[in-house]
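A short reminder: the numbers here are calculations on the coordinates, not readings from a lab. This structure is a prediction, so every number in the text was calculated from the model and none was measured. Virtual Cβ from ideal backbone geometry, glycine too; neighbours counted across all protein chains shown.
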C-alpha cells in the first residue's frame with residue numbers, strides 16, 4: 001500500500017491445543033480455542049475500524065497454521081494479506097515482521113497482539129500518529145510486557161536479550177531503547193487475556 005504504514009496482528013491459529021495453554025489449563029482446550037478465535041476477530045475488526053480513519057496495510061501474522069488455512073483465515077478476518085510468523089523466539093518472530101514490512105516499503109510498522117479485549121481503534125490510530133514524529137511507541141501490558149510496539153526504523157536490539165514471557169519484558173525493552181538513544185512514547189495500559197481469571201472482566 002502507498003500509505004507507508006503496516007499493522008501486523010500477531011495471532012495463533014485458534015485450534016484446541018495450539019493456543020492459550022494457560023487459559024486451557026483452567027477452562028479446557030476447546031473453550032480456550034473458542035476464546036482465541038473471538039479475540040482474533042475482535043482485534044481485526046478494531047483494526048478495520050481504525051483503517052477507516054487512517055490508511056494502512058493490515059497483515060495477519062499467523063502461527064500454528066498452514067498456508068491454505070492461513071489464506072482462508074485472512075479472508076475471514078478481512079485482512080489484506082497473511083504471512084507466517086516462522087520459527088524462533090518471540091523476539092525473532094517480531095523482528096522478522098518488522099524487517100518484512102520495511103522491505104515491502106513500510107516506513108511505520110506497528111505490531112499488536114491478538115488477545116486484547118480492551119483494544120480500541122483509537123489505540124492503533126494513536127500509535128501511527130505518534131510514529132509521525134517519534135521513533136518508538138509502546139503499549140504497556142498489565143503483566144509487565146507490552147501489547148503493542150511501533151517503530152519508524154529498524155532496531156534489532158529491541159528484540160534481543162529480552163526475557164520473553166516474564167514480568168520484565170517491558171523493563172528490558174525500555175533499557176534496550178535507552179541504549180539505542182530512543183525514548184519511547186506510551187499508549188494506555190491494557191490487559192491481555194491469558195488466564196481464567198482474566199475472563200471475568202470480558203464477560
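Some points to look at:
- Label separation (residue 48 vs residue 34): 2.3 nm, computed from points 7 Å beyond Cα along the C-beta direction.
- Here the Gaussian network model covers the chain, with springs between Cα atoms less than 10 Å apart; of 69, 61, 34, 69 fluctuates the most.
- If you wrap the Cα atoms of segment 5-202 in a convex hull and average its projected area over all directions, you get 10.1 nm².
- Share antiparallel - DSSP beta bridges, the chain, percent rounded to 5: 30
- Cα shape, segment 74-188, gyration tensor, a/c 1.5 rule: rounded
- Residue among 104, 91, 145 with the largest mean-square fluctuation in a Gaussian network model of the chain, springs linking Cα atoms under 10 Å: 104
- Packing-based ranking of 108-114, 127-133 yields 108-114, 127-133, ordered from highest to lowest mean Cβ neighbour count within 10 Å.
- Segment 144-193: Cα Rg divided by the 2.2 N^0.38 Å rule of thumb: 1.11
- Using the Cβ-Cβ distance between residue 122 and residue 83 with R0 set to 35 Å, the FRET efficiency from 1/(1 + (r/R0)^6) comes to roughly 0.85.
- Residue of 156, 87, 135 that the Gaussian network model of the chain assigns the largest fluctuation, springs spanning Cα pairs under 10 Å: 87
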